[in-house]
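Please read the structure below before turning to the comments.
The values are calculated or read from the model by the stated rules, or taken from the named source; none is laboratory data. These numbers were taken from a predicted model, which means no experiment stands behind them. All Cβ positions, glycine included, derive from the backbone under ideal geometry; neighbour counts span all protein chains shown. The accessibility values were calculated without ligands, DNA or RNA, using every heavy atom of the protein model including side chains. Shrake-Rupley method; radii C 1.70, N 1.55, O 1.52, S 1.80 Å.
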Amino acid sequence: NLNAKLVSRVLLGDMGTGKSSLVIRFVKGQFLEFQESTIGAAFFSQTVSVNSATVKFEIWDTAGQERYHSLAPMYYRGAAAAIIVYDITSSVFEQPSDSFAKAKKWVQELQKQGNPNMVMALAGNKCDLEDKRNVTAEEARAYADENGLFFLETSAKTAVNVNDTFYEIAKKLPRA
Ligand code: GTP
Ligand code: MG
């Protein structure tokens, strides 16, 4: 569809939080228990209807490993929207795998260096692992509200709130 509104977005977040799993759930409707860690970045595209408009999502799925951090600006600079992902089971006592703290650092970096009109969403992924939860939804929502982010808890495994995370941002973006 040549009239599709184009929405480019980027996923950022610590390694292992489930960025690739969220994109693969959204684009292919699949989930892998043993998803391979991303090297550099991966590109996906998906065309969907949102509120009777056709939207083409172009998605950059970045690698969360620290050694790839310096590549991130290449992907977020051109993005209209960012999804910052943390893992709700991450513990502050398990440095350096405190993915919620890492998510806050990404938000700061985007606020400083990103496109000022960028729409940002915070996704607390792996919400199917309620018994292993270490970050409360209240804490994350309070942080998201303070920083003007859209917040949802997601599960790439069960598909909870995955499409919503992608669609909600499309609704917030200005009409093409
Ligand atoms: P990097 O590419 O290294 O930055 O990691 P990533 O953020 O892309 O994480 P990835 O999607 O590779 O997922 C890491 C692991 O978490 C995989 O074994 C997934 O199966 C698992 N995983 C991802 N999302 C979920 C989820 O919602 N629930 C559960 N239980 N496991 C998940
Ligand atoms: Mg990945």
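Suppose all protein chains stay in the model; what accessible area per residue would a 1.4 Å probe give for the chain, in Å²? Spell out each step's value before the answer.
Values: 9100 Å² over 176 residues.
Ligands and nucleic acids excluded, the figure is 52 Å² per residue.
Using a 1.4 Å probe and ignoring any ligands, DNA or RNA, find the accessible area of SER97 and quote it in Å² to the nearest 10.
50
In whole angstrom, how far apart do the alpha carbon centroids of the stretch 6-24 and the stretch 106-144 sit?
Cα centroid of the stretch 6-24 versus Cα centroid of the stretch 106-144: 12 Å apart.
Rank these by accessible area, largest first, 1.4 Å probe: THR54, THR136, THR154.
THR136, THR54, THR154
Nearest 20 debye, what's the magnitude of the dipole of the chain about its Cα centre given +1 on Lys and Arg Cβ and -1 on Asp and Glu Cβ?
Roughly 740 debye, rounded to the nearest 20.
Using the C-alpha gyration tensor of the stretch 27-85, what are the square roots of 5 times its eigenvalues, in whole angstrom, with the largest one first? It would help to have the intermediate numbers written out before the result.
Values: eigenvalues 109, 58, 13 Å².
For the stretch 27-85, the semi-axes come out at 23, 17, 8 Å.
So if the hydrodynamic radius of the chain is defined as the Kirkwood radius over C-alpha pairs, what does Stokes-Einstein give as its diffusion coefficient at 20 °C and 1.002 mPa s, in µm² per second?
Stokes-Einstein gives a translational diffusion coefficient of 133 µm²/s.
Run the quick spin-label model on LYS132 and PHE43: label points 7 Å from Cα toward the beta carbon, then report their separation in nm to one decimal.
3.4
What value, in deg cm²/dmol to 500, does the helix sum -39500 (n - 2.57) over DSSP H runs of n ≥ 4 give at 222 nm once divided by the residues of the chain?
-8500 deg cm²/dmol
Hey, in the GNM for the chain with a 10 angstrom Cα cutoff, which one of ALA121, ALA103, ALA42 fluctuates hardest?
ALA42
DSSP loop chymotrypsin sites (Phe, Trp or Tyr not before Pro) in the stretch 23-130 with at most 12 other Cβ atoms within 10 Å of their Cβ, which ones?
Within the stretch 23-130, the qualifying chymotrypsin sites (Phe, Trp or Tyr not before Pro) (loop, at most 12 other Cβ atoms within 10 Å) are PHE34, PHE93.
Give a quick list of trypsin sites (Lys or Arg not before Pro) in the stretch 47-77 that DSSP marks as loop, anything other than H, G, I, E or B, with at most 13 other Cβ atoms within 10 Å.
Answer by residue number: ARG77.
How much of the calculated P(r) for the stretch 1-56 lies past 15 Å, in percent of all Cα pairs? Provide the component values of the computation, followed by the final result.
Numbers: 842 of 1540 pairs.
Considering the stretch 1-56, 55 percent of its Cα-Cα pairs are separated by more than 15 Å.
Please compare each pair in LYS104/LYS172; LYS126/LYS172; LYS28/LYS112; LYS104/LYS171; LYS102/LYS157 to a cut-off of 29 Å on the Cα-Cα distance and tell me which ones are over it.
In this structure, LYS28/LYS112 exceed 29 Å between Cα atoms.
How much solvent-accessible surface does VAL50 expose, in Å² to the nearest 10, with a 1.4 Å probe and all protein chains in place?
We get 10 Å² for VAL50.
Pop the C-beta distance of LYS28 and GLU168 into the FRET formula with R0 = 25 Å and round what comes out to the nearest 0.05.
Values: r = 20 Å, r/R0 = 0.81.
The calculated FRET efficiency here is 0.80.
What does the charge dipole of the stretch 8-80 about its Cα centre add up to, to the nearest 20 debye, if the Cβ of each Lys and Arg holds +1 and the Cβ of each Asp and Glu holds -1?
Magnitude of the dipole: close to 240 debye.
Show the residues, 5+ positions off or on another chain, whose built amide H is closer than 5 Å to the amide H of ALA82.
Placed amide hydrogens put VAL10, VAL119, MET120, ALA121 under 5 Å from ALA82.
Among the aspartates and glutamates, select those whose C-alpha is under 20 Å from the C-alpha of LYS105, and discard any that sit fewer than 8 residues away in the same chain.
ASP14, ASP61, GLU66, ASP87, GLU94, GLU138, GLU139, ASP145, GLU146, GLU153
Would you work out what percent of the accessible area of the chain, with all protein chains in place, is carbon or sulfur (probe 1.4 Å)?
Carbon and sulfur atoms account for 50 percent of the accessible area of the chain.
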